[in-house]
Amino acid sequence: MLPFGTNLLTAQASNMTPFQPPHADPLDPTAPPLERLIAIMARLRDPLRGCPWDKEQSFASIAPYTVEEAYEVADAIQHGDMNALCAELGDLLLQVVFHAQMAREAGSFDIEDVARSISNKMVKRHPHVFGDGSIDTADAQTRAWEAQKADERRAKAAAEGRSLGALDGVATGLPALTRALKLQKRAARVGFDWPATDAVTQIEAKLDEELAEIKTEIAAGDRAAIESECGDLLFVCVNLLRHLGVDPESALRATNAKFERRFRAVEESMAASGVHDLAAAGLERLEAAWVEAKAAEQRAKP
């Protein structure tokens with residue numbers, strides 16, 4: 001990726017035609033949809049006629065919205081809501097167009113460069129589809145994909161005049177559980193991992209060790225140390241899930257949904273009993289309603 005401000009067009013092939021924004025009318029619903037969306041964003045960012053809020057945004061200020069939209073796509077998928085998925089994918093697409101528009105204004109790259117880059121990458125990483133390569137299984141494709149990514153990281157490190165590290169390329173902006181999983185997988189590739197035969201036993205002992213260290217820091221009243229040890233405990237939990245073949249984000253997402261579902265059942269139970277202020281119900285009644293909500297789920301299972 002070129003630094004912001006670097007003209008990607010001049011860094012690529014000399015016969016490339018610079019991108020010209022589409023002349024679609026933002027108000028014309030019959031215009032080609034993608035061209036219309038690009039034109040809408042160009043108008044929103046127009047120095048004279050644009051929206052004050054959109055004109056003030058930068059890559060950094062928009063990044064949190066991009067992440068949020070990706071999560072909303074995942075939420076729509078989890079709920080199996082295809083109408084919501086269509087809408088959320090549109091919101092995510094808008095983020096891509098927004099970033100590309102800002103980059104075009106800076107002379108760095110544009111939406112066509114974005115599409116060209118991913119197109120070239122997909123063709124390169126699928127020689128068994130677009131070339132004469134041969135890959136028979138999805139697992140083999142995953143290994144080939146990871147090997148190509150490693151080659152790309154190696155080339156990047158060489159271009160920067162440094163040696164390749166095993167943890168290079170694990171994005172710092174990933175959700176913490178996902179990043180922990182990726183870091184552990186990378187370390188495991190170079191042998192930094194317990195043998196599979198007794199990994200779970202080793203991790204169970206490590207969990208006990210981390211819990212003991214948390215208790216020690218709680219007794220000492222050291223808040224910074226407590227936070228550090230709690231982080232270590234979470235990291236070990238991710239390691240356990242990795243060896244069990246469980247994705248930590250998916251597992252925690254499912255537990256969040258389960259908690260929300262049961263808590264709403266508690267609210268409904270309290271309301272049916274005439275209690276509309278949960279804080280006034282008392283822990284004993286809330287706990288009893290929780291146990292009943294859990295039991296009701298168990299009874300409903302086939």
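Checking the structure you have, find out if any residue of region 211-218 is more than 15 Å from Leu241 (Cα to Cα), within 30 Å of the chain's Cα centre (by Cα) and not aromatic (Phe, Trp, Tyr).
Checked region 211-218: at least one residue is more than 15 Å from Leu241 (Cα to Cα), within 30 Å of the chain's Cα centre (by Cα) and not aromatic (Phe, Trp, Tyr).
The set of residues from region 122-153 being outside any helix (DSSP H, G or I) and surrounded by 12 or more Cβ atoms within 10 Å (Cβ to Cβ) comprises Arg125, His126, Ile135. Consider region 222-236 and keep the residues that are surrounded by 14 or more Cβ atoms within 10 Å (Cβ to Cβ) and of a type in the set (A, V, I, L, M). The one that is nearest to the chain's Cα centre (by Cα) is Leu234. Within region 189-197, one or more residues are under 24 Å from the mean Cα position of the chain (by Cα) and surrounded by fewer than 16 Cβ atoms within 10 Å (Cβ to Cβ). A search for C-beta distances below 8 Å between a residue of region 207-218 that is in the same structural domain as Leu234 (by TED's automatic domain parsing) and any residue that is at pLDDT below 95, counting only pairs 6+ apart in sequence or on different chains, returns nothing. Can you give me the number of residues within region 237-274 that are surrounded by 17 or more Cβ atoms within 10 Å (Cβ to Cβ) and β-branched (Val, Ile, Thr)? Final tally of qualifying residues: 2. Does Ala84 meet the test of being under 25 Å from Ala251 (Cβ atoms), small (Gly, Ala, Ser), under 21 Å from the mean Cα position of the chain (by Cα) and modelled with pLDDT of 95 or more? It is true that Ala84 is under 25 Å from Ala251 (Cβ atoms), small (Gly, Ala, Ser), under 21 Å from the mean Cα position of the chain (by Cα) and modelled with pLDDT of 95 or more. Tell me, please, whether a residue that is in contact (Cβ under 8 Å) with a residue 40 or more places away in the chain and under 21 Å from the mean Cα position of the chain (by Cα) can be found in region 150-169. No; the residues of region 150-169 include none that is in contact (Cβ under 8 Å) with a residue 40 or more places away in the chain and under 21 Å from the mean Cα position of the chain (by Cα). Among the conditions (1) out of contact with any Phe, Trp or Tyr (no Cβ under 6 Å at 6 or more places or on another chain); (2) at pLDDT below 95, the only one that Ser117 does not satisfy is (2).
The values are calculated or read from the model by the stated rules, or taken from the named source; none is laboratory data. Given the structure is predicted, the values throughout are model-derived calculations rather than measurements. Here Cβ is always computed from backbone atoms with ideal geometry, including for glycine, and neighbour counts include all displayed protein chains.
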